[in-house]
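Here, each number is a calculation from the coordinates, and none is a lab measurement. What you see is a predicted model; the values in this text were computed from it and never measured. All Cβ positions, glycine included, derive from the backbone under ideal geometry; neighbour counts span all protein chains shown.
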Amino acid sequence: MKQSYGKSSIEWLDEIDSTNSELRRRLQSLDNLSVIAARYQTAGRGQGTHTWLSPEDENLTFSILLRFGKGGIVQLPATEAVRITQAATLSIRSFLLSEGVQSRIKWPNDIWVADRKICGMLIENILDGPNVAFSIVGIGVNLNQQSFDPALPNPVSLAQLTGRRYPLRETLGRICEMICRRVAQLDTADGRYELEKEFNEHLFHLEKSRQDALSEAIADFEEGQQPVKDPRP
């Protein structure tokens, strides 16, 4: 099922291994700003070797395709690929702010509310010589989930923070509109300057010892874990 929101076209799938993987498989046939969203991922992926586990129909798991150069977004040198991270993270931060939730960006592209993680990203860039040709921006937002495995170090959902439940399709539409506006900033020098300035204002780094402990806790949780699909009636 396809829906149009702003400049993006959203296709919802009931089940897929990974929305990033599906976008990569269909890279040549999809338009700029095409979005693939899944009700359930059987092999969701996070940074590095980490997985992204999410119950069916509880959270947002989606990927958006950015095309650069002719017929797409302004040509972007690979040395400036961080602009993609800036646009994506600030989009999610803007969405959370619209819901009354203040957040910050943990380097490189996690979104935290206080000391709890609400969103993670996997951004995969495909180069053509010195330039970015495509970027697959995978985003997982903890939206409606009310309980998490206690072995996970620090998750939180928007519903836990606000006490409200969010419709998946409508909410994704709103987020995609914000992504489109942020991506448009890549087209001008002023826009890129504003992205960098705002990104740096809300960016923080974990000290190495704390980051190592967090990574170890996640690895311990993932060891031997297999995604378990919620049973359907």
* Quick one: if you stick a label point 7 Å off each Cα along the C-beta vector at SER98 and ARG165, how many nm between them? -> 2.2 nm
* Asked: How far is it, in nm, from the label point at SER29 to the one at VAL82 when both lie 7 Å from their Cα along the line to the Cβ?
  -> 3.8 nm
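How long is the gain from ASP17 to LEU127 if the chain were fully straight, where each residue apart is worth 0.36 nm and the alpha carbon distance is subtracted?
Numbers: separation 110, 0.36 × 110 = 39.60 nm, distance 2.40 nm.
Value of the extension gain: 37.2 nm.
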* Roughly how many nanometres apart are two label points built 7 Å out from the Cα toward the Cβ at ALA43 and ALA184? -> 3.8 nm
